[in-house]
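Below is one structure, written out as structure tokens; the observations come after it.
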Amino acid sequence: MKVKFFIPSILAAGLLAGGLVLAGASQAEPAKSGGEAVSVAQSSAQATSDKRRALMRGHSKARKALRKAAKKGTVGAAQVVLAEKIAASFKQLSGLFGDRGTSSDMIKGRAKPEIWEKMGDFKKRMAKAQKASVAGVKAAKAGDAKGVAKAMKAIGCGGCHKPFRGKKPK
């Protein structure tokens, strides 16, 4: 008889404790002081910069592998995956260059202020690269090595990096 009562009691206590934990987690945080707000903005800006860098590194590696495969004339399922990765990264990247706001000198990165000063030109170049990446996916799916090579050349990272990316820190 005690066992029948014991198990439901443990379950009820567990549910009650879980509810209290969840209730505590949903409480609003107190207002942050000025220094803490800057720190939050700084970490958010740095996280965005880090995400851009990771996406670009990933699609740079994929682009190199695609160019190598296209040069050999071997475009298959693995190259389709790489081409799709590049196209997806361009979709994500275009949303990671929003309003720079007051965080411009809070982060370490190579993005030049010219991106935000000449946003129209930057977006045009990004759209061109994104369109080329979609063409690369289509060519890869068709097994068209020349089409893949042409698309990778059209992406041409220098189109954005030369005017909008700073020098590597020493």
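List of remarks:
- Residue tally, condition over 26 Å from the mean Cα position of the chain (by Cα), part of a loop (DSSP other than H, G, I, E, B) and over 11 Å from residue 144 (Cβ atoms), over the range 69-82: 1
- Any pair with Cβ under 6 angstrom, 6 or more apart, that starts in the range 42-61 at a residue that is at negative phi and ends at one that is at pLDDT below 85 and part of a helix (DSSP H, G or I): 45/103
- Screening 64, 32, 71 for residues that are at pLDDT below 50 and either charged (D, E, K, R) or within 20 Å of residue 158 (Cβ to Cβ) (or both) leaves exactly one candidate, 32.
- Scope the range 106-140; condition farther than 19 Å from residue 163 by Cα and polar (S, T, N, Q); matching residues: 133
The values are calculated or read from the model by the stated rules, or taken from the named source; none is laboratory data. In this text the structure is predicted, and so the values were computed from the model without any measurement. Quick reminder, even Gly has a Cβ in these numbers, built from the backbone with ideal geometry, and neighbours come from all protein chains shown.
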